[in-house]
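Encoded as structure tokens, the structure appears first; notes follow it.
The values are calculated or read from the model by the stated rules, or taken from the named source; none is laboratory data. None of the values given here were measured: they were computed from a predicted structure. Here the Cβ is made from the backbone with ideal geometry for all residues, glycine too, and neighbour counts use every protein chain on show. In case anyone asks, the SASA skips ligands and DNA or RNA and just uses the protein heavy atoms, side chains included. Shrake-Rupley method; radii C 1.70, N 1.55, O 1.52, S 1.80 Å.
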Amino acid sequence: RQVTTEYAPPDSINNCVRRRQRYLTNMAAKATSGVFIVAAKRTPFGAMGGKLSKLTPTDLGTIATNAAIKQAGIDPKIIDDVFFGNVSQSASDTPYLGRHVGLRAGIPVETPGLTVNRLCGSAFESVVQATKGILLGESKIVAAGGAETMSMAPYVLRDVRQGTKFPNNLVLEDLLWQNLNDLHVKMPMGATADKVAKQNGITREEADKYALRSQHLWQQAQDAGLFKEEITPVEVKGKKGPELVSVDEYPRGKLATIEAMQKLPPVFSKDGVTTAANASGINDGGGCLIVASEAAVKEHNLKPIARVVSWSSVGVDPTIMGIGPVPSIRNALKVAGLKIEDLDLIEINEAFAAQYLACEKQLGFDRNRANLQGGAIAIGHPTGATGSRVLGHLAYELRRTNKKYGVGSACCGGGMGIAVILERC
């Protein structure tokens, strides 16, 4: 895992600085050699307080990683690194997530692990970090994923460690709410979606109709068995003994109706468009992708699903954070030498219907290429895990439909966007 770099003589320093400045402008890169996704597994996504709510992010991440390792047909001892995304650190051991997932999945003690937080883009970032490590020659095979148990987000009592004065009025802070609230701009994520809607002319009717599309497309895909390859069942304690959960718990599916959606009030402002029905859920889940170099694919006779083509992460105005996929997708396309028309499949995380619709409008693509099996409005959005679902599902869909290029993308709290372009193998 040692990497040797040559000393840059003084006359090369300015060139290095200029290259770094260009990198910072775009924050995008393409793979200069073969980097492949050879396995992708996730747990079903659970509802808030639902069947998976007693499993920690480490539990969920380990289940997904074990399944991905089994699917890849590899010995965990040959995995060189572990990257795992998480946002809320809701369980007591979650700060150790990347490390503990590796240890519990049988990956050697000598192999390090890193917990990644790029908010809603955390699991995307895990795959990016895995790709970078492979291109740098640090690793050949990497486990990259994310896990989140939003149901476990605690209430916090602050400023009591050194005692309190009498009288006092101690207040519990809801850490779940704070994780969804950008204190820098003093706006919850849903309020930023309403601002994006206003700037882009997105109406409440459009948002509700899109949310209904997500629910119904999920139902069609579920009925057709399109999620079976990506989901690994999870055994939980049921009321009558062990229960195997193999289907996403959150979707309303065919039960969703436009009439019910239209009855819901806007959550963040009286004239806003965002409701509980046209926003993503608060959920629990984990996922893992096995990422491998071209040399490792040949050496271990692995079966690639998709190739990592390029990626980009960007910063945007935090008050319109939902627009982040627009510049990140554009940057990833540019460095790959592709255009939006070259993308056969587009997966933009449905943080909010208004946010997705604004991205669609600005990028100018045909909706018939996007989120064709539903998205986070139906399936849910366990923040640190979503990227592993999006990229895993995209890889399988490219293969199933015999399409060539696809992009997975998400907006991220704090005003960011991330995108990863894949090519079918």
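Things to note:
- For segment 319-375, applying the loop criterion from DSSP together with a ceiling of 11 other beta carbons within 10 Å to the trypsin sites (Lys or Arg not before Pro) yields LYS339.
- For ALA123, net neighbour charge (Lys/Arg +1, Asp/Glu -1) across residues whose Cβ lies under 12 Å away: +1
- Peptides 109-121, 156-168, ordered by how many other C-beta atoms sit within 10 Å of their residues on average, highest first, read 109-121, 156-168.
- Among the listed pairs LYS77/LYS334; LYS195/LYS403; LYS339/LYS361; LYS209/LYS334; LYS209/LYS270; LYS30/LYS209, those whose Cα-Cα separation exceeds 27 Å are LYS77/LYS334; LYS195/LYS403; LYS209/LYS334; LYS30/LYS209.
- Shown in residue order for segment 69-81 are the 3J(HN,Hα) couplings computed by the Karplus curve 6.51 cos²θ - 1.76 cosθ + 1.60 at θ = phi - 60°: 4, 5, 4, 5, x, 10, 7, x, 5, 9, 7, 8, 7 Hz (x for Gly and Pro).
- For segment 386-399, Karplus couplings with θ = phi - 60° (6.51, -1.76, 1.60), whole Hz, Gly/Pro x: 4, x, 5, 5, 4, 6, x, 5, 4, 4, 5, 5, 4, 5
- Ranking LEU345, ILE329, GLY287 by how far each Cα lies toward the positive end of the dipole of segment 243-357 (charges on Cβ) leaves ILE329 at the top.
- Taking Cβ atoms as reference points and 15 Å as the exclusive limit, the residues near VAL236 contribute a net charge of -1, counting Lys and Arg as +1 and Asp and Glu as -1.
- Dipole magnitude of segment 373-425, debye to nearest 20 (Cβ charges: Lys/Arg +1, Asp/Glu -1, about Cα centre): 220
- Distant-in-sequence amide H partners of SER310 (H built 1.01 Å from N, under 5 Å): ALA31, ILE421
- Taking trypsin sites (Lys or Arg not before Pro) across segment 177-226, the ones in a DSSP loop with at most 12 further Cβ atoms lying within 10 angstrom of their Cβ are LYS186.
- Short-range pairs are left out: with C-alpha atoms under 8 Å and at least six residues apart, the relative contact order of the chain is 27 percent.
- 11 Å beta-carbon shell around GLY417, net charge (K/R +1, D/E -1): +2
- Surface share of carbon and sulfur [accessible, 1.4 angstrom probe, percent] for segment 381-425: 41
- Accessible surface of segment 72-213, 1.4 Å probe, proportion on carbon and sulfur as whole %: 54
- Taking θ as phi - 60° and the Karplus parameters 6.51, -1.76 and 1.60, the scalar couplings of segment 229-242 work out to 5, 8, 8, 9, x, 10, 8, 10, 7, x, 5, 10, x, x Hz in sequence order, x denoting glycine and proline.
- Overall, the chain carries a charge dipole of about 220 debye about its Cα centre when +1 sits on the Cβ of Lys and Arg and -1 on the Cβ of Asp and Glu, all other atoms neutral.
- Length-normalised contact order for segment 294-425 - Cα pairs under 8 Å, 6+ apart - percent: 43
- Per residue accessible area in Å² of the chain, where ligands, DNA and RNA are left out and the probe is 1.4 Å: 45
- Most mobile of SER90, SER126, SER328 in a GNM of the chain (Cα contacts under 10 Å): SER90
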